[in-house]
Amino acid sequence: MHIRDWPAAERPREKLLARGAGALSDAELLAIFLGSGLRGRDAVATARDLLAAHGPLRPLLERSPNALAKLPGLGPARACALAAALELGHRHLCAELQRGETMTDPQAAGRYFAQRLRGRPHEVFAVLFLDTRHRALGFEELFQGTLDGAEVHPRVVVQRALALNAAAVIVGHNHPSGNPEPSAADRAVTARLKQALALVDLRLLDHFVIADGPPVSLAARGWV
């Protein structure tokens, strides 16, 4: 049976229009990009096959466009469409932090760090610089490391914050292992950063750890 023969409430496009994108499964969202499936399979079934063989969703979409293009049911055009959609989402999130509005949702920063750092093969330590009204001034990846660590120099963070005339910073780094639990070293770096920034009247608002699952906020745990 073709998708067009399904009940209207079960078709991915109609379901999205009626209930919003959040109501769709990963396979249904992917099926909308595919448009059609492999011979003898509809788009949803083809999407389910892709996720079963090459998923789940995050590792599937973290592949390069060239790697995606080689998967059954995709090809160059669909791979480019998926890569473009991911970049649109990334730019939308960037605009949320860079349009000059005050950051009223602290978790927006966590989502931004996740978008920028998740999936990196090595640890990256980045800083979001904010003005007195908590508007974004800039985002910089200041330190990179090996598979399991990046050396962080608080004085470099302070120097960049002063150069940008920042009043506060939010920092974040990824755990390539996928384990989201902050380490003792993460807590120690947070304490050193907070102390160094305070010497020049700068505030450390949060430190996010990016791994599998949602970003982990050290501030939420009382460690900032």
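The values are calculated or read from the model by the stated rules, or taken from the named source; none is laboratory data. These numbers come from a predicted model, not from an experiment. Virtual Cβ from ideal backbone geometry, glycine too; neighbours counted across all protein chains shown.
Numerical summary
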read-out	value
The stretch 28-55 residues that are assigned by TED's automatic domain parsing to the domain that holds residue 8 and hydroxyl-bearing (Ser, Thr, Tyr), paired with ones that are assigned to a loop (DSSP other than H, G, I, E, B) and surrounded by 14 or more Cβ atoms within 10 Å (Cβ to Cβ) (beta carbon under 6 Å, 6 or more apart)	46/37; 46/38; 46/73
Qualifying residue in the stretch 185-206 (condition: under 21 Å from residue 115 (Cα atoms), surrounded by 13 or more Cβ atoms within 10 Å (Cβ to Cβ) and touching a Gly at 6+ places or on another chain (Cβ under 9 Å))	yes
Of all residues making up the stretch 70-87, the number that are modelled with pLDDT under 85 and either surrounded by 12 or more Cβ atoms within 10 Å (Cβ to Cβ) or assigned by TED's automatic domain parsing to the domain that holds residue 209 (or both)	1
Some residue of the stretch 5-18 being under 22 Å from residue 213 (Cα atoms), out of contact with any Ser or Thr (no Cβ under 9 Å at 6 or more places or on another chain) and outside any loop (DSSP other than H, G, I, E, B)	no
Residue check, residue 156 of a type in the set (A, V, I, L, M, F, W, C), over 22 Å from the mean Cα position of the chain (by Cα) and in a loop (DSSP other than H, G, I, E, B)	no
Single unsatisfied condition, residue 111 versus (1) under 20 Å from residue 219 (Cα atoms); (2) out of contact with any Phe, Trp or Tyr (no Cβ under 8 Å at 6 or more places or on another chain); (3) assigned to a helix (DSSP H, G or I); (4) modelled with pLDDT under 85	(4)
Matching option when the condition is under 21 Å from residue 213 (Cα atoms), modelled with pLDDT of 85 or more and in contact with a Gly (Cβ under 8 Å, 6 or more places away or on another chain), among 26, 49	26
